[in-house]
1. So for the protein assembly as shown, if I pair up every lysine 8 or more residues apart or on another chain, how many of those pairs have alpha-carbons under 24 Å apart?
2. Restricting to DSSP loop positions (anything but H, G, I, E, B) with no more than 15 other Cβ atoms inside 10 Å of their own Cβ, which chymotrypsin sites (Phe, Trp or Tyr not before Pro) remain in segment A:37-76?
3. Most mobile of B:L72, B:L88, B:L14 per a Gaussian network model of chain B (Cα springs, under 10 Å)?
4. For B:L84, which sequence-distant residues (separation of 5 or more, or a different chain) have an amide H within less than 5 Å of its own amide H, given hydrogens modelled in the peptide plane?
5. So, in Å, what gap is there between the alpha-carbon centers of segment A:279-295 and segment A:15-56?
6. I want to verify a result. In a Gaussian network model of chain B, Cα cutoff 10 Å, which of these has the top mean-square fluctuation: B:L110, B:L53, B:L23?
7. Sum -39500 (n - 2.57) across every DSSP H segment of at least 4 residues in the protein assembly as shown, then divide by the residue count to get the 222 nm mean residue ellipticity, nearest 500.
8. Just need the relative contact order of segment A:157-294 here, percent rounded to a whole number, with Cα pairs under 8 Å and 6+ apart.
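FYI, it's all coordinate maths here, none of it is from the lab. These numbers were taken from a predicted model, which means no experiment stands behind them. Virtual Cβ from ideal backbone geometry, glycine too; neighbours counted across all protein chains shown.
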Amino acid sequence: MTLADPVTLAIPAFVLLVLAEMIVARIKDRTRYEPRDTLTSLMLGTGSTVAGILSGGAVFALATWVWQFRLFDIGYAWYWFVLAFVVDDFAYYLFHRSAHRVRWFWASHVIHHSSQHYNLSTALRQTWTGFFSLAFLFRLPLFLIGFPPAMIFFVAGLNLIYQFWIHTEVIGRMPRWFEAVMNTPSHHRVHHATNPRYLDSNYAGVFIVWDKWLGTFEPERDDDKPRYGIVKNLGSFNIVWAATHEWVGIAKDVWRAPGWKARVNYMIRPPGWSHDGSRDTSETIKARWEAARHEGGQAWKKPISSSSDADPAGAQSPAV
Amino acid sequence: MNWTQLGGSLAAVLVLVWIARLLKLGESRIADAEIARRMAEEALSGFVARAALVSTNGAAALVLGTDGIALLKRHGAKVAARRLSRPLWRRPSPEGVTIETGERMFGPVLLYGVLPEDVDRLEAQLTMM
C-alpha cells in the first residue's frame, strides 16, 4: 500500500504558521524571533528533509526486511492506524529519552536544541545525521510486531506534524484535560529549557502520559521561566557547525581519551561525561542547583540573615 | 519531495527570513551590569557574579564572579556565555577591548567602548579575592 508523506503535504501550513507567529512576535515581543536564527533553523530543516530522502530507501528496505519476521499480520484497517500511532509514539519516547542520555544519539539530536529561541521555526530545526546515529533502530521492534513499514512511516509523519505546533511561546496553557494527556507547548517548553529544574524531562512526542508513567515529567512553573538552548550554547549561526559540532566533540574526546574504556564512554555515557569528572552533566548541574537552593532555604529560615531576600523557590538562586 | 518542492521550500525559507528582517525581529541588547550579572549566573552553572563591565553598545559584557570571569556576547536576540580562565587573552583596539575565547566558532568578542584599564581592574579584583 502506498501512503502519502504527510510532512511534505504539511510544509505550506508550516510556512504560513511561522509567518503568523512572526507577526505576533512583532506585536508582543520582538526577541522571540531572530532572522539569522530563523535562517539556520529553516536551512537545517530543509537539509534534514534532503538527508531523509537520501537515507530513506535504506531505512525502508531494512524495515521491510525485518517485517518478514513479524509476529502478527496487521492490516490497514483504520483502528490499526490508531494503534500504530500510539505504539509509535511510545517508541518515539524511548528514542527521545535515549537521545538525551546517550551522547552518540545526542550528537544527532542536539541540532534540534541548539537554538536559544523557541518558536515554530525551532520545530523545523531537525537533524542531518539521524541515519548515521542509528536512530531508526528504535522503530524496528514495531515491524517485528507486524505493523507494516508504510503504516509506521505514515504515523511517524503525523507524529512529527503534531510536534510542530507545540514549539511556541504564543500559547500559554491548554485546557486542563488536554494538558493531562497530550504534549503541549507548556510541557515542551520545559523540555527545551536549560534551567536546572527542567533538564532531562518531558521527552514525549504526542502523549505526555509516557513521561508521567515513567517519572520524567516536570510541569512548567510561572516562577521559573524557561531559558532555551543547550548547556553550552554555540554562539554561532553557522549551519554546518550546528549540524556537526557534537560529532566533532566526540571525535576529539575519543582521540584524546586515556584508554578504550574512556573512548567508549565518551560515546555512550550522557552528554557532559568526562573520564576525569571535569565537565558538567545534567546530574551535576541539578545537584549544584539543589545544594544552592537548600542553602538558600536554610538562610531563608534564619531570623537575621543577609540572604533572607533569596528566592525560596530557587528560581534564580546562584549556585554555591 | 521532488526538485520543485525542494526549490519551493528554499524560496519559502528566504522569504520568511526576509520578512523577519523587515519586521525588525531579534533586536536586543545587554541593558546594564545588573542584567549582565544575572545572565552570567543563568548561563553558567555555579557561577556567582559580583561585578560586570558592559560594552556601550550592549553587545557584550565581562562579568567577574567569585571564582572566575564570564564573557557574554549578544547572539541574535539572546546571549551566549563562556567561562574564561585567567589571564584574559585580550587586545586593545580603537573601539574598545577584544577578548579572545580560544574557540574559532564562538569567535573573539569586542567590548565596545570599554577601556583596557577597566578590564585590568576587573581582572585584578579576582586576584584579590
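1. 17
2. Working: sites: A:F60, A:W65, A:W67, A:F69, A:F72, A:Y76; in loops: A:F69, A:F72, A:Y76.
Loop-located and lightly packed - A:F69, A:F72, A:Y76.
3. Per the Cα network of chain B with a 10 Å cutoff, B:L14 tops the list.
4. So B:L84 has HN proximity to B:I69, B:A70, B:L71.
5. So the separation of the two Cα centres works out to 33 Å.
6. Comparing B:L110, B:L53, B:L23 in the GNM, the peak value goes to B:L23.
7. Numbers: 16 runs with 229 residues, N = 449.
Taken over the protein assembly as shown, the calculation gives -16500 deg cm²/dmol.
8. Details: 141 pairs, mean separation 23.6, N = 138.
Computed over segment A:157-294, the figure is 17 percent.
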